[in-house]
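K.L.:
Quick one: structure below, then a few questions.
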Amino acid sequence: MKRLFILYISVALLLLGLAACSSNAEIDEDNLDAAYASSEDELGEEKGIYIDEENNTVKVYATVNGKYLSEPTRHGLNWVEGNYGDEAVFKSYANPLSFYEALETIGGEPATAKGEDSDDGFEETEEGKVIQGDPVNVTISWEGAEKEYDVNEVMVDSTGREIAYRYGGNYDNAKENMTGCFMCFDSCPVGVISNSAQPVGTFDDGEAEFHGNPDILPEDGEPVVVTYSFDK
Amino acid sequence: MKGIVKFGGHFLASLFLFYVIGLAVSLLLIQNKWLDMRFDSEYFILVMMLTGVWFYFVALFMSASHFIIWTRPLFMRVILPLSAAVIIILTAIKSSLFVMPAYVTRKGLMLDSMLTLPQMNILILVWVLIGLLSLYGAARYPLDFKKSSPRMAWSSFSRSSRYGISVFFILSALLLFVYLGQSEMQASANRAASALMEADVEAFRDYLLSFGPLAAVVSGLLMIFQSVAAPLPAFVITFANGLLFGWFWGAVLSWTSAMAGAVLCFFIAKFFGRPLVEKMVSKRALNWWDRFFEKYGKHSVFIARLVPIVSFDLVSYASGVTAIKFSHFFWATGLGQLPATLLYSYLGETASGSVQILFFVFTVVIAIAVLGSIIGPKLLGEKKA
């Protein structure tokens, strides 16, 4: 009994120690550039975003999350250290605030800029609230891919609608909630970009399900590069 | 050698049974997409395997034969095949037989950064073979308990103690599951633990503030929690309450919640009895309390509460197994903790973080000096005698 109790207390103290020592996700806002690679070749877990100013694109390094090639999710791409880092089809290693800044650098105009109220970033439609902001082109490639795939070729919306990403922005909400959301499958007040083809709450209301396309995307853990651009 | 193989076989059989059930339940939970977006059900595997370890050690060291569920027909012929069927059906429907079990196991056992899914699949295959062999061996060669001490036997505990220990384990397992599975709660718990362990009063105040109108409730619950289970410094909570709610309301909140924690400890001790309290606060500490109680009688709780270096939890638990009336314990605790509560709340409201800590250190040093001068020589004298 004593041995058991010592074991129990040791485990409890270990967990407590882990809780105290493990760092919660924090973003150094004064150092958002730290996530930027200086070239596409440098893209990786350390430097997760590359701003290609010549071609006006932002490239994000990510890995495939095999779970969401078969299970439904509302997250397209999330920062691994965010609260929902494991709930997306793609895992990013750079934070969403750096991503926000990168999209702004290539000329994107968010629906909700830094310091603005995210409620103003939506349009009320018959279906519900739909995200605004500049439309974003999203393509995905990986080593050995046959071509640069459009997001609609590698993601599946159960309603058959085409995903239409927009630059929602939501800098302040992303910072406050730390969900880690880069790219959501329905309109979202937290994700930096989200899908204007589906109003807020579509997934939670059970009206649509989304997942990665297992017939096209590489296997779990494989790296991909997601490219973002604006029609400007 | 034969004994090691037998005991090892039972251990693996227990782990395997709980692993299969854990995997099946995890996969079922993942089917709920609302839950899956908010909770990492994969950790249920880890919790179940720890439960398997617990069952095994309780069976082995406490001669609790009915804990050996891995040899029972109900589990072997019904629960295990049913769990396996759930796993196969759920993954076959979505063509993810070689993805989801490996993914869920890898994440549940925190091996994400170490193994790829194909490597995990090979490990699972080996594990299934070892597990099935162990189950077969365990059924054929039952454990014997000849060497177990009768004093430690599970059956020697009272019925209420047995239920109490089981409920304690279940609650701990649930807490662990929620902590691991819910990222936001985990982040929140980490922040609280970090602020308390670093004695960072202002960080803890900010933490409480993040709960808005529920700040007082969270503070109260944390005070009760630290009283019962966690070796966290309560004075940080008292300081932060003073800082956040002002000295008066801060003191009211700290005093009330500390009282609730003390009362809970008192009744836990009464419920489980002396053997378990001995294990919780150590036999040495309980002996010290016995001597203290012998010397100061009904005033012992009051005196102990006045001296900040005497563990609050020790006094609460130890009182529960001493001949102290609850009403006396209650009033002695209430009055005894009042000066320190008022002082810390006042300091919390008026002093800055570093000054607060200095005051605390100062208080402790004074208390040690006073206590040492009163009790030290007598204790030393007792030892010499």
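K.L.:
Over all pairs of distinct alpha carbons, what does the Kirkwood formula give as the hydrodynamic radius of chain A, in Å?
P.N.:
Evaluated on chain A, it is 18.3 Å.
K.L.:
In degrees, nearest 10, range 0 to 90: what is the angle between the Cα axis of helix A:2-21 and the longest Cα principal axis of chain A?
P.N.:
Between the helix axis and the principal axis of chain A, the angle is about 30 degrees.
K.L.:
If you don't mind, there's one more thing I want to ask. Amide H to amide H, which residues 5 or more places from residue A:155 or on other chains are under 5 Å from it, using H placed in the peptide plane?
P.N.:
A:213
K.L.:
Something else: Helix-only estimate, please: 222 nm mean residue ellipticity of chain A, summing -39500 (n - 2.57) across DSSP H runs of length 4 or more and dividing by its residues, to the nearest 500.
P.N.:
Per the formula, -5000 deg cm²/dmol.
K.L.:
Is the C-alpha gyration tensor of chain B telling us rounded, prolate or oblate? Criteria: a/c under 1.5 is rounded; beyond that, a/b larger than b/c is prolate, otherwise oblate.
P.N.:
Here chain B falls in the oblate category.
K.L.:
Neighbouring Cβ atoms within 10 Å as the yardstick, rank A:75, B:66, A:211, B:299 fewest first.
P.N.:
Ascending number of Cβ neighbours within 10 Å: B:66, B:299, A:211, A:75.
K.L.:
Pick out, from B:157, B:66, B:133, the residue whose Cα sits farthest towards the positive end of the charge dipole of the stretch B:2-164, with +1 on the Cβ of Lys and Arg and -1 on the Cβ of Asp and Glu.
P.N.:
B:157
K.L.:
Okay, next question. Indicate the gyration tensor shape class of the protein assembly as shown (rounded, prolate or oblate), computed on the Cα atoms with a ≥ b ≥ c the square roots of the eigenvalues: a/c under 1.5 is rounded; otherwise a/b larger than b/c is prolate and the rest oblate.
P.N.:
oblate
K.L.:
Give the aspartates and glutamates reachable from residue A:59 as a straight Cα distance under 12 Å; neighbours fewer than 8 places away on the same chain don't count.
P.N.:
A:40, A:41, A:42
K.L.:
Tell me what chain B gives for mean residue ellipticity at 222 nm when only DSSP H runs of n ≥ 4 count, each as -39,500 (n - 2.57), the sum divided by the residue total, rounded to 500 deg cm²/dmol.
P.N.:
-25000 deg cm²/dmol
K.L.:
Working from Cα positions, state the angle (0 to 90°, nearest 10) between the long axis of helix B:283-296 and the longest principal axis of chain B.
P.N.:
30
K.L.:
Which order do A:163, B:93, B:124, B:130 fall in if you start with the one that has the fewest other Cβ atoms within 10 Å?
P.N.:
With the fewest neighbours first, A:163, B:93, B:124, B:130 line up as B:93, B:130, B:124, A:163.
K.L.:
In addition: So if I take the centroid of the Cα atoms in the stretch A:110-127 and the same for the stretch B:70-91, what is the distance between those two points in Å?
P.N.:
50
K.L.:
Okay, moving on. Using θ = phi - 60° and the Karplus curve 6.51 cos²θ - 1.76 cosθ + 1.60, what whole-Hz ³J(HN,Hα) does each residue of the stretch A:190-199 get, with Gly and Pro shown as x?
P.N.:
After applying 6.51 cos²θ - 1.76 cosθ + 1.60, I find 10, x, 5, 10, 8, 8, 6, 7, 10, x Hz.
K.L.:
Angle, helix A:96-105 long axis vs. longest principal axis of chain A, Cα atoms, 0 to 90°, nearest 10?
P.N.:
Its long axis makes an angle of about 20 degrees.
K.L.:
Let me ask you something else. Calculated FRET efficiency, residue A:158 and residue B:78, Cβ-Cβ r, R0 45 Å, to nearest 0.05?
P.N.:
Calculated transfer efficiency: 0.80.
K.L.:
In this model, which of B:2/B:107; A:147/B:33; A:67/B:6; A:114/B:107; A:91/A:175 are farther than 28 Å apart at the alpha-carbon?
P.N.:
Cα-Cα > 28 Å for B:2/B:107; A:147/B:33; A:67/B:6; A:114/B:107; rest within.
K.L.:
Let me ask you something else. Quick one: net charge around residue B:349, please, counting Lys, Arg +1 and Asp, Glu -1 for every other residue with C-beta under 14 Å from its C-beta.
P.N.:
0
K.L.:
Turning to a different aspect of this structure: For the stretch B:250-264 and the stretch A:153-184, compute the distance between their C-alpha centroids and round to whole Å.
P.N.:
So the separation of the two Cα centres works out to 45 Å.
K.L.:
About the Cα centre, and with charges only on the beta carbon of Lys, Arg (+1) and Asp, Glu (-1), how big is the dipole of chain B? Nearest 20 debye, please.
P.N.:
About 1700 debye.
Since every read-out is calculated from the coordinates, none of them should be taken as a lab result. Note that the coordinates shown come from a computational prediction; the quantities given were computed from them, not determined experimentally. Heads up, the Cβs are rebuilt from the backbone with ideal geometry, glycines too, and the neighbour counts pull from every protein chain shown.
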